[in-house]
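Structure first, then comments.
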């Protein structure tokens, strides 16, 4: 005797819903709203230390409420100025990469707190080139080159509110130990003068000053 059981419409729907939820809620994309609005208005005074990441991607484990996270930040700015026979060009580039592990605790009503550990890489470069002529009409090219390279490791913590099924807003604070190597050079017609070459270790605290918007998919 063979017994065939067909799943009910409710069971099929429930099974589909669970599968969709598992796939829809496995990833999160986050934008630093405060920094994005600041950049849009032309204000780049908030540096990589103020905002370690502009965008972040998380792979979330729904079962145990943990996540792997990767954030990036950076900008490029170039200006040119020509006045009184001198041509000056300056260029600024910055980049930051954050990799971390996150743990979450549900507080109810869509609110949860989270904490974790981050590793971070930092690169900044600022170049200025000035071209002019001396009293004999010979060209003079002067360059100022500055570069920071390093990274850090530390902890973070924050609080979030999931006010929609897939949309969350949150803010967080960080505490990093950070190492930076700084080099600055001044070059006049290929003659190089070293202005600075130092290694700096510092502790970087950051209180919650930015608002982040996260979307699950």
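The numbers here are math on the coordinates, done by the rules we state, and not lab data. Note that the coordinates shown come from a computational prediction; the quantities given were computed from them, not determined experimentally. Backbone-built Cβ (ideal geometry, glycine too); neighbour counts: all protein chains shown.
Points worth noting:
- Average Cα contact separation per residue, segment 27-216, under 8 Å, 6 or more apart, as relative contact order %: 19
- Packing-based ranking, highest mean first, of 122-132, 195-205 given that Cβ atoms within 10 Å are counted: 122-132, 195-205
- Semi-axes of the equivalent ellipsoid of segment 27-216 are 42, 18, 11 Å, computed as sqrt(5λ) over the eigenvalues of the C-alpha gyration tensor in descending order.
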